[in-house]
Each structure stands twice: as structure tokens, then as C-alpha cells.
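Quick notes on the structure that follows.
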Amino acid sequence: MKHATISRKELVFQVILHVLVLLFYSFDRNDPGITLAQCVFFLVYTISAGLITYYLMPKFLYKKKYWQFFGWVVAVFVVVIITEELLEIVFYPGTKRAGIVPGIYFAFFDILPIITILSGFKFAWDAIESQHEVEKLKSYVQESELQFLKSQINPHFLFNNLNNLYSYALEGSPKTPEIILEMSGVLRYMLYECKEKFVPLKKELEQVSNFIKLYKLQIEERGKVDFRISEIGSEYKIAPLILIVFIENAFKHSQSGQSKNIEIDIDIRLENNTLIFKCLNNFEPVEGLDSVAKGIGLQNVGKRLKLLYPNKHKLEIEESEKLFSVNLSMQLEKF
């Protein structure tokens, strides 16, 4: 889980921590100052704490070998107590401080707290760093999933429109060049201007308008398309290619089972920081055709909304016998 390397930031943290603990350890109101004995004793505590935190914890504790870790920690404390006794004899010969019983007592009330503090802060540091790594991994996985979902939009768009374009080309329709031009503009936006997670709302709505123009060319006189959009400022941002998926599904499924009387109604407005999107279309049920609400595009956009706007959107999709409606509200943020 963790290894024995130490970053510059952690090194600075450990130095500051040890200095503060040394000051508290050596503080004596009656005899201010730090003695050589205190420095030597504290050096022993530092070495033992370092052995526990940078060797025993990664080797045993983080690998869930709890009994081995506990046993080695006890062994370290035994060595510290023995070392403490030897140093007591050197620095305080002939005093009551020297001796086995005072040494054990001193270990529990002085050595143990210091080593516990030094080791505990290291454990907390590792826990925080591990949490950061988990968050980075989650962010990477989320970004990868978003890119995957977004990458599926382009083939979906191409598949639907190339079939329509092929039909118009066979018929020799004069609208074919115009369809190609509109299609290239939308594709350019998808491929080159939608690499970021968020794009300007005004720019996205311009492409939505172009997208609707592209599909209206294919409907011709077979139905009616009402598209309304309120005046929207340029300070808001939105995840790209979300609204287009709903609009594409509306056109696709309106045309799938009927050749006339197509009705599509699209309304987009901004209320404070909430974007309100409504899309309503009629369709004729076709035997063997999956339900509109089960389309791949709609499933993908639902996942993207959950990833990009958690608890900040509301999506309602309703499908009756011949009517399909989408109501979406999204809380947008400013650049």
C-alpha cells in the first residue's frame, strides 16, 4: 500500500513535527532549555518511531499482518527500554532514575506517548495520501467513462445521418450539398471543439440550432418542427453533446414509423442558473423496434448526467402510445 519513499512535502512535515514534539518533551518551567541528555533520548525515540512508521507499518500493518506488526512493535519497545536504561546510567549515575522499575514506568508515561504521537501522525499522513490517490483514481475512471460515452455519440450521429444522406443522394435531391455542409459543421464541432468537459452554453446552443436545421432538411414537408430558445448570456457553461442526443432521438423516432404528420416541439430556456429543456415528439410504433426510452444514446446521456451533474439535474422521460417527451433541468455553473 505504502512504501518507504518520502516526498519533500512529507519530509518538511516530519521535521516540523519532530521539532514541536522535542520542544514539548524537553519543556521544564523550572529548568528551561534543552539538555544533551534530552537530545540523545529523543534521538532514540525518533529512530524507533522511524523504524515503526517507515518499515514495520508498510511491511506488516498495511498488508494486514497485524500480529506480526504488534509483535515487532513490542520488540522495538523492549529495545528502547533497554537503551533507555543504559543511557540513564550514563547521564544519571547513582540516581533514582536509573533502574529497571523506574525505566519501565518511564517508558509507559514518556516514551510510549512520544513514539505513539510520531507514529500516529505518520499513519494519518499515509491515510490522507491514500485517500488522495483513491480520489485521483476515481477521477481518472470517471473521466475515462465520460470520454467513452462521448466517443459513442459521433458514430451514432454518423450512422443515422449517413443513411439519410445516402437516400437523398440516390434520389438526386438538390438538398444533398446543403445537408453535407450542415453535417460537416456539426461534425467539426463534435470532433474539435468538444474535447473539454464543459463548453460555453451559447456555443453549444448554436450547434443545437444547426443540428435542428440539418434534420429539418430531411423532414421537408412531412411535418412541423417548432424550436424556441430564449436569450441566453455567455457566462454559463454546459457539458457538450447532451441536448443533441435527445433532439436526435426525437427526429429519428418520429421518422421511423411515419412518413407524414411529424410533430416535434423543442423549447430551451434559462431560469436563473437552471437550464430548462423540453422536447416533445410524436411517433408511430413499429413492430420489432425497441422502445425509444431504451435507446443507446439515451442510456449514455443518462450516465453522463449522473457523472457530471450529480444531484444537480432532473431528467423525466415519458413515453405513451404515440407520444414521447423529455423534460430536463440542469443547474449550470459560470465560467
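The values are calculated or read from the model by the stated rules, or taken from the named source; none is laboratory data. Worth saying up front: this structure is predicted, and the values here are computed from it rather than measured. Note: ideal-geometry Cβ built from the backbone for every residue, glycine included; neighbour counts use all protein chains shown.
Worth pointing out:
- For segment 309-335, filtering for residues that are closer than 19 Å to Arg269 by Cβ, charged (D, E, K, R) and free of Cβ contacts under 8 Å to residues at least 40 places away in the same chain leaves 3.
- Among the residues of segment 301-315, those identified as charged (D, E, K, R) and either assigned to a strand (DSSP E or B) or surrounded by fewer than 15 Cβ atoms within 10 Å (Cβ to Cβ) (or both) are Lys303, Lys306, Lys312, Lys314.
- Residue in segment 234-253 that is of a type in the set (D, E, K, R), more than 19 Å from Leu280 (Cα to Cα) and assigned to a loop (DSSP other than H, G, I, E, B) present: yes
- Across segment 159-173, the number of residues qualifying as among the hydrophobic types (A, V, I, L, M, F, W, C) and at pLDDT below 75 comes to 1.
- Of all the criteria given as (1) in a loop (DSSP other than H, G, I, E, B); (2) of a type outside the set (Phe, Trp, Tyr); (3) at pLDDT 90 or above, the one not satisfied by Ile264 is (1).
- Only listed residue being in contact with a Gly (Cβ under 7 Å, 6 or more places away or on another chain), modelled with pLDDT of 60 or more and either part of a loop (DSSP other than H, G, I, E, B) or among the hydrophobic types (A, V, I, L, M, F, W, C) (or both), chosen from Ile111, Ile81: Ile81
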